[in-house]
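Here is the structure we will look at, set down as structure tokens.
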Amino acid sequence: MAIIQTTFDEIKAYIQTNPHVSDESRNEALQVLTKLACKEVVDNTAFHSVVGFDPHDKSIFWDMTKGNLLAVNKVGKAIDSLGCTMILVSLILRFSKKQVQYYLFTYDAPPSYLRENEHCNGSVSVIYDKNYIRYVELFAQIFDELKYRKTLSEEELARLPFLVIVFGNFTRRILEADERFSEFYSMLLQEGKSLRIACMIATTRFENEPFYHRYPNAFTCCLVGDVFPATASELLLSVPDQIGNENPSTKKMVFQDNKTQTLVQTHHFALGVALDCPILNGKWFKS
């Protein structure tokens, strides 16, 4: 496996030419991009995405082939709109569109670069995309893909792109609204693993997150930041002192994979902001 150099250069230019980002965020984002091109990431040929870096700058991976990811933070931490940034960038740097594709369903708009990227099959946000029909069309598209993949042999399935479905503060608004898709939700979360599909739920309202509470066993990993003590106790095997710290400068979260916990720095805010709304090659990307 090797970093796709043209993609790396494009993202770097995107960050460098973004007129709406502070120098601090820009520098942090460029440092993160360099980290994502390290040997540890490059040598990882599996469908593993980077969720962050441990205190020694070691890359920490979510194995998307083993189950879904729940990411939780309080309101104001941008986990719902920007929390997928590191994860998706670490994939598009290493895999072509024929290998990995994704959908984005968020409350607020995710980074422009991720919405406009060729790997993105569809993106809608509650604030900016008012047409409910668009949500239904994309759900139906994914549902058809799930049902199609169930008809394939393992050999046939292996030839299809790995799919990542991201929901950011979105599911609580649509799960009860349209029960026509109840079978879709169940299949996505409980059978997606066998169909080469992974789901990421990023929420600032864990208590009202229906996907997790309906299908808790479908989530093999969690990424927990500044949350209420009861939420941390419910999700984590043990709660470190850093969790619940209101100081945003720490930027620390806990990544838990089965029985392993790691304190990570996600950089999701700086990287997400730096990949939003720049002018690149004469094209303007609007939020």
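Seen through its C-alpha gyration tensor, with square-root eigenvalues sorted a ≥ b ≥ c, segment 1-130 comes out rounded because a/c lies under 1.5.
For the chain, the membrane-span-like helix rule (DSSP H, alpha carbon extent of at least 20 Å along the helix axis, mean Kyte-Doolittle at least -0.5) picks out 132-150; this says nothing about an actual membrane.
Computing Rg and the Kirkwood Rh from the Cα coordinates of segment 82-148 gives a ratio, Rg/Rh, of 0.98. Heavy atoms only, probe 1.4 Å: what % of the accessible area of segment 1-114 goes to carbon and sulfur, would you let me know? On segment 1-114, the fraction of accessible area on carbon and sulfur atoms equals 51 percent. If both residues of a DSSP beta bridge must be in the chain, then about 40% of such bridges are antiparallel. Of all the options Ser182, Ser125, Ser49, the one that moves most in a Gaussian network model of the chain with Cα springs shorter than 10 angstrom is Ser182.
With contributions of -39500 (n - 2.57) from each DSSP H run of at least four residues, the per-residue ellipticity at 222 nm computed over the chain stands at -9500 deg cm²/dmol. Shape index of segment 59-203: Rg/Rh, with Rg the Cα radius of gyration and Rh the Kirkwood radius from the inverse mean 1/r over Cα pairs, equals 0.94. Where Rh is the Kirkwood radius over the Cα pairs of the chain, the temperature 4 °C and the viscosity 1.567 mPa s, what D in µm²/s does Stokes-Einstein return? Estimated via Stokes-Einstein, D reaches 68 µm²/s. Restricting the calculation to Cα atoms, segment 19-79 yields a radius of gyration followed by a Dmax of 13.9, 39 Å. Phi-derived couplings, Karplus 6.51 cos²θ - 1.76 cosθ + 1.60 at θ = phi - 60°, listed residue by residue for segment 66-81: 9, x, 8, 10, 10, 10, 10, 8, 6, 4, x, 9, 6, 5, 6, 9 Hz, with x used for Gly and Pro. Accessible surface area normalised per residue over segment 1-124 is 38 Å², counting heavy atoms of protein chains with a 1.4 Å rolling probe. Counting only protein chain heavy atoms and rolling a 1.4 Å probe, the accessible areas of His213, His20 rank, largest first, as His20, His213.
The values are calculated or read from the model by the stated rules, or taken from the named source; none is laboratory data. Computed from a predicted model, the values in this text were never measured in an experiment. Ligands, DNA and RNA are excluded from the accessible area calculation, which covers all protein heavy atoms including side chains. Shrake-Rupley method; radii C 1.70, N 1.55, O 1.52, S 1.80 Å.
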